[in-house]
1. Looking for whichever is within 14 Å of chain A (Cβ to nearest Cβ), touching a strand residue (DSSP E or B) at 6+ places or on another chain (Cβ under 6 Å) and crowded, with 17+ Cβ neighbours inside 10 Å here; the options are B:3, B:40, B:53. Which one fits?
2. Regarding region B:105-121, can at least one residue be identified that is surrounded by 15 or more Cβ atoms within 10 Å (Cβ to Cβ), facing chain A (nearest Cβ under 8 Å) and in contact (Cβ under 8 Å) with a residue 24 or more places away in the chain?
3. Could you tell me whether region A:88-109 includes any residue that is surrounded by fewer than 14 Cβ atoms within 10 Å (Cβ to Cβ) and out of contact with any strand residue (DSSP E or B) (no Cβ under 9 Å at 6 or more places or on another chain)?
4. Could you say which residue among B:46, B:90 is within 27 Å of residue B:208 (Cβ to Cβ), surrounded by fewer than 22 Cβ atoms within 10 Å (Cβ to Cβ) and within 10 Å of another protein chain (Cβ to nearest Cβ)?
5. Taking the criterion of being farther than 22 Å from residue A:180 by Cβ, free of Cβ contacts under 8 Å to residues at least 12 places away in the same chain and crowded, with 16+ Cβ neighbours inside 10 Å, would at least one residue in region A:32-42 satisfy it?
6. Please enumerate the residues belonging to region B:122-152 that are more than 26 Å from residue B:22 (Cβ to Cβ), in contact (Cβ under 8 Å) with a residue 40 or more places away in the chain and in a loop (DSSP other than H, G, I, E, B).
7. Scan region A:113-129 and tell me whether some residue there is surrounded by 14 or more Cβ atoms within 10 Å (Cβ to Cβ), away from chain B (no Cβ under 14 Å) and under 16 Å from the mean Cα position of the chain (by Cα).
8. Here is a list of conditions, (1) part of a helix (DSSP H, G or I); (2) more than 14 Å from every other protein chain (Cβ to nearest Cβ), and residue A:143 meets all of them except one; can you say which number that is?
């Protein structure tokens, strides 16, 4: 039987927790950014679009290092956070969630933006003539019609966060029980003699989890689409 | 309502000014590209005019001088779009009641149950828009706009996407709404059939401006507007009342010039009916005709003769009401027709089909 060792279940639970929180905190921000990019013409639109996509084209290690410089105890933002709130994310699982969120952000924004662009503006105008304010229109019309894209974006972000390696190890290092996520544990095992079988087990596990996530999101999206209809 | 709005959109410029009553159905009539939808979008607040004033009832919705521009959600102007625009993720019932929560509680005059009954939506309530037919979608769209408690209802070619049978069905519903709900309606159309059947007033648009405004009866009887109303559709609209049905399946429609017999109408005596008589369906005789299949023969005089191209002649006749006849120039010559001449106008009953007849609004019903 495929019984999990303590080390394995620790890494999996940690990875799941990090992926979940990174997805959750970036979701509202991604919806807001997608809305800005899709519906508003403003000065700096191209710049924002570029910034959002930066993590997609930069080496993850560079992103991790930038995060360390920014959010580390001595970093510009990190020092401020520490002085005012006593919060530090460097070398904690929260930091790993931040790294995952940043790395997955472009994927999430792209999926949500696509779905927002497919929402018929004429439906939104119809809702306005029926008496709904723009915010109310967004909540009752645009957002429900975007659900398939939001689900896709969330799933992509979750999967990306679950597998995040480069930025995570650079920013929050490899601390057992705190930041040793499944991919980092796998990497560690390949670095010690006789770790091959453990690495293989983690590999299989990560494939299973990724497939499950895909499967579940696909089912959800299909259900939502059937509900929304044509 | 008072409309005086200007707008430039690229090459197209719209400049319209007119006033109409806040009751009944006003048709906004014109060819495509005349600016009908642009104007209606400005009435709804979806498009901002460059300048002008818009007043509906006692409320000013737009005034460029006073920098007033009420947002669409505050205008209380219902809008039935050509394509329905139902919300695909909501049930028919949720679609219908979508706008209701935004209407101030003290100002609700529309009875939801009554609208659902009038539009025959009772057994569709739990359905989703994707499963509805085209006619059903438009009925729901009309109901949804009405349930938002509008002070004015805009309908932008609501029947354009439907087949003839569906059109007739929806028009029946719109007639009932006009008579029983009492909300003023602006009805955008380029179809004379629809306007004949529904409209009390008409505003004719061409190239971004108003070229005629008045009662539907007056406007439709003006031959100078036929380039806009359709060359082959030129004719007169006369107001009649149902005056009995005969055993041959014909209905008698009484009007000041006599009795017009048309194919049977299922309407009670006394019902006001507008009949559109196309000029090309009217023939002329100079002596009382005998042994003729045509039942509708009216004595009258030629008032005016207007050449219509090289071969045709439009005659305005006075048979108690205004009537137009289109005959060949050759016939006019051979019959020796001149203004003032006594003639007989012949109209085939079957030329006046259901599309040429409209139920007029009962006068001054509030």
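The values are calculated or read from the model by the stated rules, or taken from the named source; none is laboratory data. Keep in mind the model is a prediction, meaning the values are calculated, not measured. Here the Cβ positions follow ideal geometry from the backbone for every residue, glycine too, while neighbour counts run over all protein chains shown.
1. Within the list B:3, B:40, B:53, the selection yields B:40.
2. Taking every residue of region B:105-121 in turn, none turns out to be surrounded by 15 or more Cβ atoms within 10 Å (Cβ to Cβ), facing chain A (nearest Cβ under 8 Å) and in contact (Cβ under 8 Å) with a residue 24 or more places away in the chain.
3. The answer is no; no qualifying residue exists.
4. B:46
5. No, region A:32-42 has no match at all.
6. Of everything in region B:122-152, those that are more than 26 Å from residue B:22 (Cβ to Cβ), in contact (Cβ under 8 Å) with a residue 40 or more places away in the chain and in a loop (DSSP other than H, G, I, E, B) turn out to be B:128, B:132.
7. Taking every residue of region A:113-129 in turn, at least one turns out to be surrounded by 14 or more Cβ atoms within 10 Å (Cβ to Cβ), away from chain B (no Cβ under 14 Å) and under 16 Å from the mean Cα position of the chain (by Cα).
8. It fails just one condition, (2).
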